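Quick notes on the structure that follows.
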Amino acid sequence: MNTPGGTVHFLVSHPTPPVFDGPEDRNGARNADEIRLWQEYLSSGTQVLAVR
């Protein structure tokens, strides 16, 4: 998104809870992978502004 102050990038994700998963835990594993991706990305020295 272009703003008067510069470009703003939105990085979004929606990990789903593994509530409806079966005994193989595929959804739980996928959720853990997606969260790990964000942990790796955010810990790589990228500056992030958290809005609460």
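Name every residue in segment 6-24 that is at pLDDT below 80 and among the charged types (D, E, K, R), in order of residue number. Residue satisfying the conditions is Asp21 alone.
Please go through segment 1-34 and give me each residue that is in a loop (DSSP other than H, G, I, E, B), surrounded by 10 or more Cβ atoms within 10 Å (Cβ to Cβ) and under 10 Å from the mean Cα position of the chain (by Cα), ordered by number. Give the derivation first.
Residues of segment 1-34 in a loop (DSSP other than H, G, I, E, B): 1, 4-5, 8-17, 21-25.
From the residues that got through so far, the ones that are surrounded by 10 or more Cβ atoms within 10 Å (Cβ to Cβ) too are 15-16, 21, 25.
Across segment 1-34, the qualifying residue is only Pro15.
The values are calculated or read from the model by the stated rules, or taken from the named source; none is laboratory data. For clarity, every value in this text was computed on a predicted model and none was experimentally measured. For neighbour counting, all protein chains shown are included, and Cβ atoms are generated from backbone atoms with ideal geometry for every residue, glycine included.
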